[in-house]
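Data first, discussion second: the structure below is written as C-alpha cells.
The values are calculated or read from the model by the stated rules, or taken from the named source; none is laboratory data. Keep in mind that what you see is a predicted model, and the values were worked out from it rather than measured. Cβ placement follows ideal geometry from the backbone for every residue including glycine, while neighbour counts extend to all protein chains displayed.
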C-alpha cells in the first residue's frame, strides 16, 4: 500500500532581463573588488600620500636630507669613520692589550740584575691579570682553589705599597695607584715560577721548598723595589724601606705556595 506525500512545487526564477543583469553585476563586483586601502586625495587630506620610488630612495640615500632642509654628509667623509673593515684597528688594540709590550715587560723581570725600566713607564693591567691567572692555575693544579684570596691580596698589596711610598716620599712622591698595581703584578712573575716549580717538589722536602721560596722572594723584591724607585720621584733615599715593604708583600704570596 503506497502513501502519497504532498511536495510543494519548485518554482525557478525566470531568465528575464532584470535577473540576468543582477547576476552579471554581482559577478563584476566580485571580480573587480575595490582595494582595502586607497590613498586620499591631497586636496581632501592634510597629510599627503608618500609614494615609495626606488629611484628616488637611492638618490636620497646618497645624500640624506637634514631635519632643517640641509644635507648630511656620508659617514666616510668624517675623520672618525672608516670605509671598510680592513681599516679597522685590531680587537686587542681597541681593548688596550698589546702582547708585544706585555712580553717585553715580562722579559725585563727575568734578569733581576739588569731590569729595563723604560718599558715599564706605560703601566697596564693586562699583563698582571695574565700572571694572576697563571698563578691561580698552578695553585689549582696543586689542589688549592685560591682565586679570590690571590686577587684580594694583589689589591691590598698595591694599596699598601702605594700608601707606604707616598708617606715616605712626601710631597715629592708621584707614584700612582695604577702604576703601583702594574708593578706589583709584573713582579709577581718569580712567584708564578715558584708555584710551577713546587709542583715537582715533594711535600716532605720542607727545607728545599723554603730555600726555593727565599730565592724567588728576593728576586721579586729586588725587581719591584728597583722599578718603584726608578719610575717615581722621591724614593731613592728610602730604598731600604721600600724594599722591606716589597719583601713583606711577596713573602705572603710565597706562603700560599709553600703551605
Considering 202, 207, which residue is farther than 21 Å from residue 244 by Cβ and part of a loop (DSSP other than H, G, I, E, B)? 202
Single residue of 158, 230, 220 found to be surrounded by 23 or more Cβ atoms within 10 Å (Cβ to Cβ) and either touching a strand residue (DSSP E or B) at 6+ places or on another chain (Cβ under 6 Å) or part of a helix (DSSP H, G or I) (or both): 220
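Residues being touching a helix residue (DSSP H, G or I) at 6+ places or on another chain (Cβ under 9 Å) and at pLDDT 70 or above: count how many of those fall in the range 83-102. Reasoning before the result, please.
Step one: filter the range 83-102 for residues touching a helix residue (DSSP H, G or I) at 6+ places or on another chain (Cβ under 9 Å), giving 83, 88, 92, 95-99, 101-102.
Okay, now just the ones that are also at pLDDT 70 or above, so 88, 92, 95-99, 101-102.
Counting residues in the range 83-102 that are touching a helix residue (DSSP H, G or I) at 6+ places or on another chain (Cβ under 9 Å) and at pLDDT 70 or above gives 9.
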So which pairs qualify, if the first residue must be in the range 88-109 and on the phi > 0 side of the Ramachandran plot, the second must be surrounded by 11 or more Cβ atoms within 10 Å (Cβ to Cβ) and assigned to a helix (DSSP H, G or I), the Cβ gap must be under 9 Å, and the two must be at least 6 apart or on different chains? 96/126
Which of the following residues is farther than 21 Å from residue 239 by Cα, part of a loop (DSSP other than H, G, I, E, B) and either modelled with pLDDT of 90 or more or in contact with a helix residue (DSSP H, G or I) (Cβ under 9 Å, 6 or more places away or on another chain) (or both): 143, 152, 148, 127? 143
